[in-house]
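Participant: After the structure tokens below, expect a handful of questions from me.
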Amino acid sequence: NGLAGAELPPEVRRAMARGGGHVARQTAEELRRYWDLAFAPHWAAAKATLGSEVDRCAGVLARHGAAELFNSLHPGIRWADGTLRVDSRFTVELAVPLVVVVPSLVAAGPGMAVDPVRGGRQPPMVAFPVRGAATAPATPSTERARLLGPTRAGLLAGPASPPWPARRARGCS
């Protein structure tokens, strides 16, 4: 990885010499700046997209059950005959009463996280890409943003179709 035995950069050594509190404050400030530059401008749209997907999932689960929910998430996630399959290069068999479903705006495909500790207390987590989230939204017109507000105008300018064909059974919405 190139880090083994490498000398720390002078900036890091100076920060560490000032103590753990200084390093923690500096790290928090850098994370805040990163949030402000990378995430804050997109947070309202991201939150709305994730909220809509959670609402969609809750509706499918309530109306049609867990099998339909899992089969509506992504083509690489399938439920059949009491078994949940997630496309992966790994094979894991678990008998669990609960699976946490997590929509993602950054995942390229489905993924699964499993507590590696034998008898782990955390339920497995299935992450899946939210439809249409991989495509950056178009910039809304100034007039539309003035009329509707920047968040609503941005959502209207976003992609209208999922990156894969929908697999909805029995009229899932």
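Participant: Can you tell me which residue among ALA45, ALA40 is in contact (Cβ under 8 Å) with a residue 12 or more places away in the chain and either part of a helix (DSSP H, G or I) or under 29 Å from PRO124 (Cβ atoms) (or both)? Break it down stepwise before answering.
Facilitator: Numbers: ALA40 fails: in contact (Cβ under 8 Å) with a residue 12 or more places away in the chain.
After ruling out the rest, the residue left standing is ALA45.
Participant: Any chance you could count how many residues in region 101-130 are open to solvent by 40 Å² or more (accessible area, probe 1.4 Å) and either over 19 Å from SER52 (Cβ atoms) or touching a residue at least 60 places away in the same chain (Cβ under 8 Å) (or both)? Give the derivation first.
Facilitator: Narrowing region 101-130 to residues open to solvent by 40 Å² or more (accessible area, probe 1.4 Å): 101-102, 105-106, 108, 112-119, 121-123, 125.
Imposing the further condition that a residue be either over 19 Å from SER52 (Cβ atoms) or touching a residue at least 60 places away in the same chain (Cβ under 8 Å) (or both) reduces the set to 108, 112-119, 121-123, 125.
The total comes to 13.
Participant: Identify the single condition in (1) modelled with pLDDT under 90; (2) closer than 22 Å to PRO129 by Cβ; (3) surrounded by fewer than 16 Cβ atoms within 10 Å (Cβ to Cβ); (4) not acidic (Asp, Glu) that PRO97 does not satisfy, given that it satisfies every other one.
Facilitator: Of (1) modelled with pLDDT under 90; (2) closer than 22 Å to PRO129 by Cβ; (3) surrounded by fewer than 16 Cβ atoms within 10 Å (Cβ to Cβ); (4) not acidic (Asp, Glu), only one is false for PRO97: (2).
Participant: Being out of contact with any Lys or Arg (no Cβ under 6 Å at 6 or more places or on another chain), within 19 Å of VAL106 (Cα to Cα) and open to solvent by 80 Å² or more (accessible area, probe 1.4 Å), is that true of even one residue in region 9-28?
Facilitator: Taking region 9-28 as the starting set, the residues that turn out to be out of contact with any Lys or Arg (no Cβ under 6 Å at 6 or more places or on another chain) are 9-28.
After this cut, where a residue has to be within 19 Å of VAL106 (Cα to Cα) as well, the list is none.
No, because not a single residue in region 9-28 is out of contact with any Lys or Arg (no Cβ under 6 Å at 6 or more places or on another chain), within 19 Å of VAL106 (Cα to Cα) and open to solvent by 80 Å² or more (accessible area, probe 1.4 Å).
Participant: Does ALA138 fit the bill of being closer than 15 Å to LEU73 by Cβ, at pLDDT below 75 and in a loop (DSSP other than H, G, I, E, B)? Spell out how you get there, then give the answer.
Facilitator: Details: closer than 15 Å to LEU73 by Cβ: no; at pLDDT below 75: yes; in a loop (DSSP other than H, G, I, E, B): yes.
Against the criterion (closer than 15 Å to LEU73 by Cβ, at pLDDT below 75 and in a loop (DSSP other than H, G, I, E, B)), ALA138 does not qualify.
Participant: For region 1-18, how many residues meet the condition of being outside any helix (DSSP H, G or I) and either touching a strand residue (DSSP E or B) at 6+ places or on another chain (Cβ under 6 Å) or at pLDDT 90 or above (or both)? Give the derivation first.
Facilitator: At the first step, the residues of region 1-18 found to be outside any helix (DSSP H, G or I) are 1-9, 18.
Cutting the leftovers down to either touching a strand residue (DSSP E or B) at 6+ places or on another chain (Cβ under 6 Å) or at pLDDT 90 or above (or both) gives us 18.
Qualifying residue count for the region: 1.
Participant: Could you tell me whether region 74-88 includes any residue that is in a helix (DSSP H, G or I) and surrounded by 11 or more Cβ atoms within 10 Å (Cβ to Cβ)?
Facilitator: Let us first name the residues in region 74-88 that are in a helix (DSSP H, G or I), namely none.
No; the residues of region 74-88 include none that is in a helix (DSSP H, G or I) and surrounded by 11 or more Cβ atoms within 10 Å (Cβ to Cβ).
Participant: Residue check, LEU105 against (1) in contact with a strand residue (DSSP E or B) (Cβ under 7 Å, 6 or more places away or on another chain); (2) under 14 Å from VAL130 (Cβ atoms), all met but one. Which one?
Facilitator: (1)
Participant: Run down VAL60, VAL92, VAL54 and say which single residue is open to solvent by 60 Å² or more (accessible area, probe 1.4 Å), in a helix (DSSP H, G or I) and either in contact (Cβ under 8 Å) with a residue 12 or more places away in the chain or under 26 Å from PRO116 (Cα atoms) (or both).
Facilitator: VAL54
Participant: Based on this model, can you work out whether ARG32 counts as open to solvent by less than 40 Å² (accessible area, probe 1.4 Å) and of a type in the set (D, E, K, R)?
Facilitator: Values: open to solvent by less than 40 Å² (accessible area, probe 1.4 Å): no; of a type in the set (D, E, K, R): yes.
Spelling it out, it is not the case that ARG32 is open to solvent by less than 40 Å² (accessible area, probe 1.4 Å) and of a type in the set (D, E, K, R).
The values are calculated or read from the model by the stated rules, or taken from the named source; none is laboratory data. Nothing here was measured: the structure is a model prediction, and the numbers come from that model. Quick reminder, even Gly has a Cβ in these numbers, built from the backbone with ideal geometry, and neighbours come from all protein chains shown. Surface accessibility is based on the protein's heavy atoms, side chains included, excluding ligands, DNA and RNA. Shrake-Rupley method; radii C 1.70, N 1.55, O 1.52, S 1.80 Å.
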